[in-house]
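Chemist: Below are the structure tokens for one structure; questions will follow.
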Amino acid sequence: MPKRGKKQAPPPHNPSAQGPQLIATTTAHLKTIETETLQTLDQTLESLDQTSTQIHSLLTMTAQILAACRTPVESVRSDVVASLASITSAGDKLAERAEREAERVEEREREVERELKVMALKHQELMNAWVGRSKGLGLVREGKKTKSNIKEPKKVKLDIGGTLFSVSLDTLLSQTEGFFTSLFSKEWQVKPGDDGTVFIDRDPTAYRYIFNYLREGGEEVVLPGDKFLLDAIKKEANFLCLEGLKTIVEEKLDEI
């Protein structure tokens with residue numbers, strides 16, 4: 001069995017020998033930390049610079065977009081203002097033109113009214129001349145100055161354009177002036193044809209209403225609502241010099 005020797009003692013602790021090594025190790029570690037910290041700061045600053053650049057770029061793009069949007073809006077607003085001004089000017093011109101046209105129409109209406117009065121007077125003169133000439137040619141004959149001066153005083157047969165009408169003499173003479181008053185005057189009478197009728201070469205369409213007007217004494221006459229027929233009545237009223245009927249027909253036409 002081997003001999004057991006004595007246990008060796010550990011070397012004595014020497015703090016003065018470990019101090020410089022510890023300082024060196026700590027210093028190296030601190031430098032490492034400082035280096036890493038500086039690197040981290042550099043990276044952070046670089047990242048901040050990049051972020052700042054990106055923000056600046058975004059702000060620039062936003063400003064450009066806003067400027068680009070504002071320019072069309074201003075352009076559109078200018079166009080709208082110009083269009084409104086043009087429309088207003090055109091409206092003023094149209095109003096002036098309409099006013100001139102209205103004055104021209106009024107003047108034309110006055111001219112037509114004067115022409116109608118002249119035509120009515122000429123028509124009356126022609127009717128008087130026709131009556132006188134017919135009397136001279138023997139188409140009519142004088143009779144005694146009686147109230148009716150017709151051999152058959154109560155009824156007259158009229159052939160108007162091929163349509164026969166039987167009308168009392170009093171109805172035909174109900175107006176103080178006009179075609180029938182001249183035709184059946186107190187001093188002479190129309191000579192009837194062989195069939196006892198007096199022929200008048202006119203369109204008979206309107207004469208039913210004309211005789212109704214004479215029967216009613218020019219009041220409460222019932223007129224049709226058809227414009228074509230009213231125009232025909234107006235035309236015949238003008239021919240027969242029945243100014244009252246003509247006025248009533250014109251008022252009826254204005255209502256249509």
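Chemist: Tell me, what is the 1.4 Å probe accessible area of Thr53, in Å² to the nearest 10?
Modeler: About 90 Å², ignoring ligands and nucleic acids.
Chemist: Round to the nearest 0.05 the FRET efficiency obtained for Glu107 and Thr176 when R0 = 35 Å and r is the Cβ-Cβ distance.
Modeler: Efficiency for this residue pair is about 0.55.
Chemist: Pop a pseudo-label 7 angstrom from the Cα along the beta-carbon direction at both His56 and Cys69 and give the gap in nm to one decimal.
Modeler: Distance between the two pseudo-spin positions: 2.5 nm.
Chemist: I've got another one for you. Collect residues whose amide H, placed 1.01 Å from N in the peptide plane, falls under 5 Å from the amide H of Ile160; neighbours closer than 5 in sequence don't count.
Modeler: When sequence neighbours closer than 5 places are left aside, the close amide H contacts are Phe165, Ile200.
Chemist: Let me ask something else about it. Amide H to amide H under 5 Å from Leu173: which residues, 5+ apart in sequence or cross-chain, H placed 1.01 Å off N in plane?
Modeler: Answer set, sorted by chain and number: none.
The values are calculated or read from the model by the stated rules, or taken from the named source; none is laboratory data. Please read all numbers here as calculations on a predicted model, not as lab measurements. Neighbour counts are summed over all protein chains in view; Cβ atoms, including those assigned to glycine, are modelled from backbone coordinates with ideal geometry. Ligands, DNA and RNA are excluded from the accessible area calculation, which covers all protein heavy atoms including side chains. Shrake-Rupley method; radii C 1.70, N 1.55, O 1.52, S 1.80 Å.
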